[in-house]
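Colleague: Okay, here's the structure, questions in a sec.
The values are calculated or read from the model by the stated rules, or taken from the named source; none is laboratory data. Only a predicted model underlies this, so the values are computations on that prediction, with no experimental measurement involved. With ideal geometry, Cβ positions are generated from the backbone for all residues, glycine too; neighbour counts draw on all protein chains shown.
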Amino acid sequence: MATKAKGIRIPTELDDAIAQESEARGKSWSAMTAELLDEAIRGRRAPGVSFVDGPSGRRAVVAGTGLDVWEVIATWKDGGESYELLRQNYPWLNEIQLRAALGYYQLYPSEIDARLEREARWTPERAWRELPFSRPRNH
C-alpha cells in the first residue's frame, strides 16, 4: 500500500492514547494511527460493523454479536445469496445487523473474499495434519 506523509495536529490526550495503544500492540505510532483511522472510516461507511482482535488479527464483526462479517457472508453465499435464507439462518439477528454485514461486504469485498478463500483451505485433512490433536481417536 502506498503511503503519504501528512502533518496533523491532535490534542495531547489523543496523542497519549495512541501512544499507549501503539506500545501495547508493538506498533509504531504512525502505523497505529493509520490503523485507527482506517477502522474509523470503515465504521462510518458501514454502521453496525465494529472491529475486534482475534488469533488472525483484527477483523470486522457485526457489532454487539461477536459474529464475524465473513461468517455471515459465507452463509449468504452458501444460500445462493438469498436474503430470506440468511434471515432463517440467523433468526437472532435483526435486519439492521444483517444489512450491516451485507453492506460491509459490498464496500470491502476483497477483504471478505480473501478471508473466505483462507477458510475454504481448511479441510479436515489439513486440520489433522497441522493440528494433530483435532483428529478423532479410534476406539
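Colleague: Would you confirm whether any residue within segment 57-65 is in the same structural domain as residue 97 (by TED's automatic domain parsing), surrounded by 10 or more Cβ atoms within 10 Å (Cβ to Cβ), over 11 Å from the mean Cα position of the chain (by Cα) and of a type in the set (Ser, Thr, Tyr)?
Modeller: yes
Colleague: For segment 80-97, which residues satisfy the criterion of being among the hydrophobic types (A, V, I, L, M, F, W, C), in a loop (DSSP other than H, G, I, E, B) and surrounded by 15 or more Cβ atoms within 10 Å (Cβ to Cβ)?
Modeller: The answer is 93, and nothing else.
Colleague: Right, another one. In the list 68, 113, which residue meets the criterion of being acidic (Asp, Glu), surrounded by 11 or more Cβ atoms within 10 Å (Cβ to Cβ) and either in contact with a strand residue (DSSP E or B) (Cβ under 7 Å, 6 or more places away or on another chain) or on the phi > 0 side of the Ramachandran plot (or both)?
Modeller: Answer to the check: 68.
Colleague: I'm checking my understanding of the structure. Among residues of segment 66-89 that are more than 18 Å from the chain's Cα centre (by Cα) and in contact (Cβ under 8 Å) with a residue 12 or more places away in the chain, which one is farthest from residue 120 (Cα to Cα)?
Modeller: Per the stated criteria, the residue is 83.
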